[in-house]
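One structure is given below, encoded as structure tokens.
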Amino acid sequence: MPEKVSESPVQFEYEKQKRKEEMKQQVITFALMIIFTIIAFAMVASGLDKLFVIPILLVLAGIQVGFQLYYFMHMSHKGHELPAMMFYGGAFAAFLTILALAALVWW
Amino acid sequence: MSEHDVLNPGQMPQNPEKATLEGKNKFMGFWFFLGGEAVLFASLFGTYLALNDSTNGGKSSEELFGLELVFIMTMLLLTSSLTSVYAMYHMKNNDFKKMQIWLGITVALGLGFLGFEIYEFYHYIHEYEFTLRSSAFGSAFYTLVGFHGGHVVFGLLWIVSLMIRNAKRGLNLYNAPKFYVASLYWHFIDVVWVFIFTVVYLMGVL
Amino acid sequence: MKEWMGKIRTLSLFSFLVIILSACGKDNLTALVPKGYGAEESFNVILISILVMIFVFIVVMAIYVYVIFKFRQRKGQENHIPKQTEGNKTLEVVWTVIPILLLIIIAVPTIASTYDLADESEKEDSINVNVQGMQFWWNFEYANEEIQTSQELYIPVNERVYLNMLSSDVIHSFWLPSISGKMDVNPDNENTMYIEAYEEGVYWGKCTEFCGDSHSLMDFKVVVVSQEEYDQWVEGMKNTDPEYTAESSTAQEGQEMFANSCISCHAIDASSSNPVVGPNLADFGNRTMVAGIKNYSKEAIVDWIMNPGEIKPGNGMLSAPYLQDNSMEEEDAEKIADFLMELKATDEPVDSVEQFKKDETENNN
Amino acid sequence: MSTLVATNKKSFGSTIWDYLTTVDHKKIAIMYLIAGGFFFILGGLEALAIRWQLVQPMNDFVSAGFYNELITMHGTTMIFLAAMPLIFAFMNAVVPLQIGARDVAFPFVNSLSFWLFLFGGIMLNVGWFTGGAADAGWTAYAPLSTTSPGQGVDYYVLGLQISGAGTLMGGINFLVTIVNMRAPGMTYMRMPLFTWTAFVASALILFAFPALTVGLFLMMFDRLFGSGFFDPSMGGNSVIWQHLFWIFGHPEVYILALPAFGIFSEIISTFSKKRLFGYTAMVFATVLIGFLGFMVWAHHMFTVGMGPAANSIFAVATMAIAVPTGIKIFNWLFTLWGGNIQINTAMLWALGFIPTFTLGGMTGVMVAAASADFQYHDTYFVVAHFHYVIVGGVVFALFAGTHYWWPKMFGTILDEKLGKVTFWLFFVGFHLTFFIQHFLGLMGMPRRYWTYLEGQNLDLGNLISTIGAFLMGVGTIVLLINIIKTSVKNEKVSGDPWDGRTLEWAIPSPPPFYNFKQLPLVRGLDPLWIEKMEGRKGMTPAEPLTDIHMPNNSFIPFVMSLGLFIAGFGFIYQKQDIAWLSLVFVGMGITLGCMLLRSVKDDLGYHIHKEDLKKEAGE
Ligand code: HEA
Ligand code: HEA
Ligand code: CUA
Ligand SMILES: [Cu+2]
């Protein structure tokens, strides 16, 4: 996995530009996350039905985490295949654990 | 080129955090570590979910939690996630000063979060006499949220010590991975918080 | 399902196996000679899986023995380099598919019997017993009869009896190998299982969840009696009297001491309103054993009273005041024993108990 | 420090210092081997005491309380302090060599892992001297464990926490090593099977240990700080502990078993002089076992009362593991098929393993049948099952690996005759001990019984079992004699005494501290074998001779672990006297201070210069 080195200042500038574009995207992501959070809090505050709200809350949380992982933590970038695999491995074990403890303990 | 030299823009690799073998190892190892951390927090979440009704006649989540504080805390931590993205953005642009500034903001936001959390715990303990020993619910609440708080403390100490240590010598290929990894850690703390405010607080007051 | 399982069992191979296996183990203790519904269900699954395993083992060993003899290095061949095979698709499919089929053979009856053994549809109309496990003894409360007994559970033959089990300290587990499998007795959740015995007799029960020093000695018995005897016994238990006065003179003296030293923990009537601190002694005169592990005799009772810690380390009786201040003399204990042996719900012990006591004394001499 | 001082004779003190500060994976391997071996003997002696107590009914060799400490410490010691570290010994010794690397990815962390394990192990055993070791079983089920008096269980909790942290770091280290440090041409599908199994086992460590970490934290809070996770009177639930423990505990047994399978794969292939049959399927099966291993933990809890649906699901998921394991068994058999089988000690262990493990696996599937497990559970049947797989699988593999890699680690070869004596004594003793236990279990003998009543037809079986255990003991003593004899004789062997196939045999025994002067070019599975078949002596280098970058030694890992060790005592005794809390601050201060030091002090390592390498080679 040889890393590309920016040989010339020109190329460095080019990459800098690219990163700038990406940074804009990050800010949009952030804005969305804030919005999701507000929606979540608002839904709870509005006193809607539990069974209706909880799934939505969980989905919103899931999306937010996806944003964090893929944009903020750059999991969408190249060279993250193994990290992604390992992280999902962890998430898989995590899911089973939560399921078991939440569902089986008081059965 | 020695790893110790401060880099000028022309020499900056595209991904300085992964430019050396040590950096690559650190990067990979840290991601794996986060996979393990996911299981760690899952175990805590699972325990919390199993026990969140076990108030043993004491205070329940509906009676305790207020959403305003949590909302502010959430905003602080979410924003600090963005500011640390900015820090890494400037790291890649080889702009050490700006990186330090953004990291500084991140730390400030993190401290704010922490302050609110301490206030919250203090409040529960003194106003409601709700402690680790009140009930199984109390145990589970303080352990889960406290574990997260502990991560915040550790993350802050880590970032601050990196900032101080490298303040004079600037960015190089030896410390770039360290900064990068610390920022990953910070994001992960935010990931966990997303679940905490959703599962513990929002679902707790429903 | 039981029918075809029954057929399989009659296969000669199995009968042979059963004979060999039943040669091992003590009657009414071994799981290899099932005498109740649950044990039989489990045993069927055990037999099916053993059959599959024997098949697997034969296949593996056949190949194993063949290759070791055939391909062992011979003198002068040290440098021979065999063909480097990479693999074989067909073979690999074969040893993936066949085990899957074999597992299905095991899995289907497993699931069926797992569900069957958790069946609670008859619970309402059956005898319900609330089982309480404690370090290191058992209390049984008959939910509908408002009586309780300790260490020895009486049930009628061929009847389903539902056990609702809860622990008052650590986790225990209720195991009755010859009649039924086991179920944990948890402190936080009530577990329900049922037992059904096919033959009258006294069955050994064991605690199988590690629960402290005397975990190995937390035995109990299940006394399986005819319906008639059961009804008599229940009637007798209901009529046990808290005000009972002893008959013989030594027993009367014993009763006095009992009232001083023991009554705080032990009740002498079977009413379920008595608190559960120590075993209920209402039917103690008809017990098969003392404290669940000692052959029933006066000496054993005296031994127990004098030094329960020697017999069951760490048991709950050790906090009895008379043991703390060493105020009990052997003669006193003998008198108490006389009294205790008078406590009976029915004049005669049920047949099973009588038989059991005879067997055990013979056994141990 | 840039010259090659390694060959100079050193004083005893400096050797000790060298080991205390080393970050060299080969030296760490030796330390794991010694420490793990020590704990194996300790655990074995505990086993012998257990067996001696059970030699006859109503025996009173030990008291009930002491017996409970014995079984708890036997199980804990054997699993965490003997089997795991010994596996780590071989992973350290071999994995970097097999992938053609100069060290692991994080040499510093590697040494930290070791010292954490060792201090944790010592902590666990301190209980013996302070009024009683842990006595709630190696599974430490609450509330028995949370209410157990004395400090034994506290030592268990903190000892496991400390050594567990070491294990977790070790797991990550090997993952990264295998991902990032492979020599040119060493693709994933060319990695030797031992490396593959180490990889999957490390992934299991990564995902399984955190559950234990959390469980131990909760138990620590319950015992030492008054929380109520497992306390029903506070609304807690004791079953949570069981889930957390087994979410960790079941993968744990595959963490042990998979590398054992790896060791056998290497040995069987080498001594049949054949390439591993069905390599791809073997890799696939390894991964599948690891994956399935996470979905079956509740098979330890069939009698807990989870209900028939959960029981059935977990039963079927558990049985599924028989399929990939069977694939392995048959692939080993067909590696032997058509081979030129050389039966030496290492191979003897491998051949002993196949039927033994098959039996253990078969009883595994039998206990996986939930409704049948109502009978087996917590009886000697289960004890027999897991000793068949753990001793017959893992311990056999450790013995095999010891004979197989001893030359690589120490440059000498263990005596074949004594080796065979060890095998036969141990093998026969093993089956005597544990085969009969299947029947004992079904005949009504529950496990963790410190004694059993007279007249229950259990006497003969227990007697036989005890005799077998002592045969195993004698076998182990013969191995120790063998090791001493071999070390005293100190006859050096070549780098490739077995006509090996993998990279570790391409370099001298023991390897120089930088392993490979030039990284080798890997051209396929069994790279050394390929080169040999094409008439070459060794590997073709993939790079010109250049300076080699090496990490510096460091004393920090030792001090860091010591800090946690000290803090452990503070945690335990603060419950009695709050003044002890100061030890927590001292200990944690030391550890965190070390971390800070490590973080701010650059450690760039050093270079071995090209010229020195040439000089050493006598050019
Ligand atoms: C190295 C350790 C190891 C290994 C590899 C295994 C392997 C397996 N184990 Fe075991 N187990 C333990 C260590 C191990 N176990 C321990 C320590 C305990 C007790 C813990 C305690 O309570 O203290 C335990 C307990 C335990 C239980 C709980 C029992 C109880 O407490 O009631 C169960 C239940 O399902 C189980 C099942 C299995 C199964 C199905 C396998 C399978 O992986 C086995 C697969 C292998 C084969 C099946 C053989 C080869 C296959 C073929 C030749 C193909 C054809 C085969 C068939 C079609 C059947 N084990
Ligand atoms: C890796 C794991 C491992 C290993 C290798 C062993 C090895 C052995 N085990 Fe153990 N065992 C467990 C893991 C293991 N065990 C676990 C997890 C439990 C459950 C604990 C619990 O219930 O909580 C258990 C429980 C257990 C029991 C059940 C106790 C009970 O339930 O009451 C028994 C009983 O027979 C037993 C016996 C043995 C024997 C005879 C060996 C033998 O193979 C040991 C052979 C080794 C020796 C005999 C070494 C002898 C060395 C010498 C003699 C050297 C002499 C010294 C000098 C020269 C200095 N073990
Ligand atoms: Cu009660 Cu074991
Ligand atoms: Cu398991």
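Observations
- Cβ-Cβ distance of B:LEU21 and C:GLU354, R₀ of 60 Å, FRET efficiency by 1/(1 + (r/R0)^6): the value works out to about 0.15.
- In units of the rule-of-thumb radius 2.2 N^0.38 Å, chain B shows an alpha carbon radius of gyration of 1.17.
- For a straight C-alpha distance cut-off of 18 angstrom, the aspartates and glutamates reachable from C:LYS83 (same-chain residues fewer than eight places away being disregarded) are D:GLU266, D:ASP499, D:ASP526, D:GLU531, D:GLU534.
- P(r) tail fraction, the stretch D:130-242 - alpha-carbon pairs more than 19 Å apart, %: 55 percent
- D_trans [Stokes-Einstein, Kirkwood Rh over alpha-carbon pairs] for chain D, 37 °C, 0.692 mPa s, µm² s⁻¹: 130 µm²/s
- Hits among aspartates and glutamates - C-alpha to C-alpha of A:LYS16 under 14 Å, sequence gap 8 or more where chains match: A:GLU7, B:ASP95
- Calculated P(r) tail over 28 Å for chain C, as whole % of Cα pairs: 53 percent
- Across the stretch C:121-235, Cα-Cα distances exceeding 24 Å account for 18% of all pairs.
- Convex hull per residue volume in Å³, alpha carbons only, for the stretch C:108-178: 119 Å³
- For the stretch C:39-82 and the stretch D:475-526, distance of Cα centres in Å: 32 Å
- Both chains summed, the buried accessible area for B and A stands near 5000 Å², from protein heavy atoms and a 1.4 Å probe.
- Percent of beta bridges antiparallel (DSSP, the protein assembly as shown, rounded to nearest 5): 75 percent
- Rg of the Cα atoms in the protein assembly as shown, relative to 2.2 N^0.38 Å, amounts to 0.98.
- Across all Cα pairs in the stretch B:155-206, the calculated P(r) in 5 Å bins from zero up to the longest distance comes to 5, 18, 20, 16, 12, 9, 8, 6, 4, 2, 0 percent per bin.
- Residues of the protein assembly as shown: accessible area per residue with a 1.4 Å probe, Å²: 36 Å²
- Label-point separation in nm, A:LYS18 to B:TYR122, each point 7 Å along Cα→Cβ: 4.9 nm
- Relative contact order %, chain C, counting alpha carbon pairs below 8 Å whose residues are six or more apart: 16 percent
- Rolling a 1.4 Å probe over the protein heavy atoms of the protein assembly as shown, with every protein chain left in place, gives an accessible area that is 64 percent carbon and sulfur.
- Helical content of chain C, expressed as a calculated mean residue ellipticity at 222 nm, amounts to -13500 deg cm²/dmol (DSSP H runs of 4 or more residues, -39,500 (n - 2.57) each, divided by residue number, nearest 500).
- Vicinal HN-Hα couplings computed from phi for the stretch A:85-93 (Karplus, 6.51 cos²θ - 1.76 cosθ + 1.60; Hz; Gly/Pro x): 4, 5, 5, 5, x, x, 5, 5, 4
- In this structure, the residue pairs whose Cα-Cα separation is over 21 Å, taken from D:LYS408/D:LYS537; D:LYS27/D:LYS517; D:LYS489/D:LYS614; D:LYS10/D:LYS517, are D:LYS489/D:LYS614; D:LYS10/D:LYS517.
- For chain A, calculated [θ]222 nm from helices alone, where every DSSP H run of n ≥ 4 adds -39500 (n - 2.57): -26500 deg cm²/dmol
- Under a model in which nothing but the beta-carbon of Lys, Arg (+1) and Asp, Glu (-1) is charged, the stretch C:249-363 shows a dipole of about 460 debye around its Cα centre.
- Mean ellipticity per residue at 222 nm, deg cm²/dmol - from DSSP H runs of n ≥ 4 across chain D, formula -39500 (n - 2.57): -21500 deg cm²/dmol
- Chains C and D together bury some 7500 Å² of accessible area, summed over both sides, with a 1.4 Å probe.
- Annotation: amide H-H contacts under 5 Å for C:TYR194 (H modelled 1.01 Å from N, sequence separation of 5 or more, or interchain): C:LEU163.
- Highest-first arrangement of D:64-77, D:572-585, D:126-139, A:67-80, where packing means the average Cβ count within 10 Å: D:64-77, D:126-139, A:67-80, D:572-585
- Relative contact order (percent, whole number), the stretch D:263-381, Cα cutoff 8 Å, 6+ residue spacing: 39 percent
- Table column - 3J(HN,Hα) (Hz), the stretch C:147-155, Karplus curve with 6.51, -1.76, 1.60, x for Gly and Pro: 10, 9, 8, 10, 6, 10, 9, 8, 9
- Working note: Cα gyration tensor of the stretch D:185-274, eigenvalues times five, square-rooted, sorted largest first, giving semi-axes of 41, 12, 8 Å.
- Dipole magnitude for the protein assembly as shown: computed about the Cα centre from +1 point charges on Lys and Arg Cβ and -1 point charges on Asp and Glu Cβ, it is near 9000 debye.
- Highest average packing first - D:293-303, C:52-62, Cβ atoms within 10 Å: D:293-303, C:52-62
- Solvent-accessible area buried by D and B, counting both chains, probe 1.4 angstrom, square angstrom: 3000 Å²
- Across peptide D:181-193, the average count of Cβ atoms from other chains found within 10 Å of a residue's Cβ is 0.
- Computed over chain B: relative contact order in percent, which uses C-alpha pairs under 8 Å that are six or more apart: 37 percent
- For the stretch D:178-187, Karplus couplings with θ = phi - 60° (6.51, -1.76, 1.60), whole Hz, Gly/Pro x: 6, 6, 9, 10, 5, 5, x, x, 7, 6
- Spatial separation of Cα centroids for the stretch D:172-242 and the stretch C:104-154, in angstrom: 37 Å
- Divide the volume of the convex hull around the Cα atoms of the stretch C:249-363 by the residue count and you get 110 Å³ per residue.
- Note on C:CYS265 and B:LEU111: the model spin-label points, each 7 Å out from Cα along the C-beta direction, lie 6.2 nm apart.
- Inter-part distance where the stretch C:217-260 and the stretch D:19-62 are each reduced to a Cα centre, Å: 52 Å
- Interchain or long-range residues, amide H under 5 Å from C:SER168's placed H: C:GLY133
The values are calculated or read from the model by the stated rules, or taken from the named source; none is laboratory data. Here the structure is a predicted model, which means the values were calculated and not measured. Using ideal geometry, Cβ is built from the backbone for each residue, glycine included, and neighbour counts are taken over all protein chains shown. To get the accessible areas, we keep the full protein, side chains included, count just its heavy atoms, and leave off ligands, DNA and RNA. Shrake-Rupley method; radii C 1.70, N 1.55, O 1.52, S 1.80 Å.
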